[in-house]
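Where a number appears in this text, it was derived from the coordinates with a stated rule and is not lab data. Given the structure is predicted, the values throughout are model-derived calculations rather than measurements. Cβ placement follows ideal geometry from the backbone for every residue including glycine, while neighbour counts extend to all protein chains displayed.
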Amino acid sequence: MGIRYRVSVIGNRALRMCHPGEGRDPQPRSNWGEILTFVRMTSKSPVPNNRYPTPDTRHPFPNPFSYFCNMNLRKPIPEFFIRPRNTVVQIIFTALFAYAFILIYRPFGSQEWFEVNQGQFAFYAGFVVVLGMLVVIISRVIMSQIRKRRTITIAGYALMIALEVLAMTGFYMMIEKVFLKDDRFWFEVYYTAIENTSLILLIPYLISLLYFAWQDKKQNFDQLLSQKEHGDKPTFIPFADENGEVRITLNLADLLYIEANENYVLIHYVESGKSERFLLRNSMKGVEGQLALFPVVRCHRSYLVNTLRIKFAKKDKSGLIIQLNAPTSVQLPVSTTFKDKIINALAT
């Protein structure tokens, strides 16, 4: 009842301020500053938190950025985004886009860099693009090294792109201020540089990532059509992390083996005729429990192997060795503890 009375009082007073002559106050007071001041003053009184049980009742108008705020930035980036081949394609496409962008749009005041003809300007623009792409190449080399040790998340990938933009912005600012002696205020140069650098990088990045996503979906669709034509019914294996969230799902026929890597496991599989791997945060024991219904058994304390991929087994001086049917030569050791399990799997 108290809340309704407060809202009614605020509404009546605000109405009289906006429309003089209505209500009890005959004096015109159309000053919006008084309305805002009055609302701020009346909103300072403490209200118990239990009056507003949910965020929706406290904020009736939805925040347009709530979707991005609630995005799980720790989720791994899709594998095809950071695949080495796709990374090379992305760098080449970005370089070509940047070169065309500079020739057509002439950012950073590049039309005033040199008193040269069109052909010479194209050469100097290409030289600047090559130097700028060195920043991207160094960034991707660092990312590939990180990828070998841990999972690249959405937040990590976004941070990498942001650092690339900032690094290239600093690079172009150095060209403007040091080499070209630009007498503009540094903030104006920085604003122009970061605006154009964002266009040069983010547009080709977005186009290439959309293309990679389409290519991956098309490949999966073609694979499903091929399996339908041949009457195959593939078995898919979902791999979950230590929190129970599925990170990757693989066709059993594509799985090679799983390798222990400290607090993670490396899942080795075949994709497009090449050996790939996926880093999953889980223990070997946890993954082994997920694979109880599949023909994937432990051959060593550090390895789980897909028995459907075993090509042959042989014995040498170090013990039993199994050779896998993989794009590259893969041999796994078989410890004495799991020797009988492997032999029984091969017999069936």
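So for GLU259, GLU195, fewest C-beta neighbours within 10 Å to most, what's the order? Please list the in-between numbers first.
On the way: GLU259 18, GLU195 13.
Fewest-to-most Cβ neighbours within 10 Å comes out as GLU195, GLU259.
Can you tell me how the range 185-307 classifies by the Cα gyration tensor, rounded, prolate or oblate, using a/c under 1.5 as the rounded cut?
Numbers: a/c = 3.54, a/b = 1.73, b/c = 2.05.
Since a/c reaches 1.5 but b/c is at least a/b, the shape of the range 185-307 is classed as oblate.
With the Cα gyration tensor of the range 236-347 giving a ≥ b ≥ c as the square roots of its eigenvalues, does the rule (a/c under 1.5 for rounded; else a/b larger than b/c for prolate; else oblate) give rounded, prolate or oblate?
Prolate, because a/c is 1.5 or more and a/b exceeds b/c.
Rounded, prolate or oblate: which fits the range 239-278, taking a ≥ b ≥ c as square roots of the Cα gyration tensor eigenvalues, rounded meaning a/c under 1.5, else prolate when a/b beats b/c?
Numbers: a/c = 2.63, a/b = 1.49, b/c = 1.76.
It is oblate, given that a/c is not under 1.5 and a/b is not larger than b/c.
Sort all Cα-Cα distances of the range 79-225 into consecutive 10 angstrom bins from zero, then give the percent of pairs in each bin up to the one containing the longest distance.
Reading upward from the zero bin: 10, 37, 30, 16, 5, 1, 0.
What's the extension gain from ILE92 to LYS217 if we count 0.36 nm per residue and subtract their Cα-Cα distance?
On the way: separation 125, 0.36 × 125 = 45.00 nm, distance 2.25 nm.
That pair, ILE92 and LYS217, stretches by 42.7 nm at full extension.
Return the subset of LYS274/LYS314; LYS311/LYS341; LYS274/LYS315; LYS317/LYS339 for which the Cα-Cα distance in this structure is over 18 Å, preserving the input order.
On the way: LYS274/LYS314 25 Å; LYS311/LYS341 16 Å; LYS274/LYS315 28 Å; LYS317/LYS339 15 Å.
Pairs exceeding the cut-off: LYS274/LYS314; LYS274/LYS315.
For GLN290 and TYR191, what is the calculated FRET efficiency with R₀ set at 45 Å and r taken between the beta-carbons, to the nearest 0.05? Spell out each step's value before the answer.
Details: r = 52 Å, r/R0 = 1.15.
About 0.30, to the nearest 0.05.
Pop a pseudo-label 7 angstrom from the Cα along the beta-carbon direction at both ALA347 and THR328 and give the gap in nm to one decimal.
3.5
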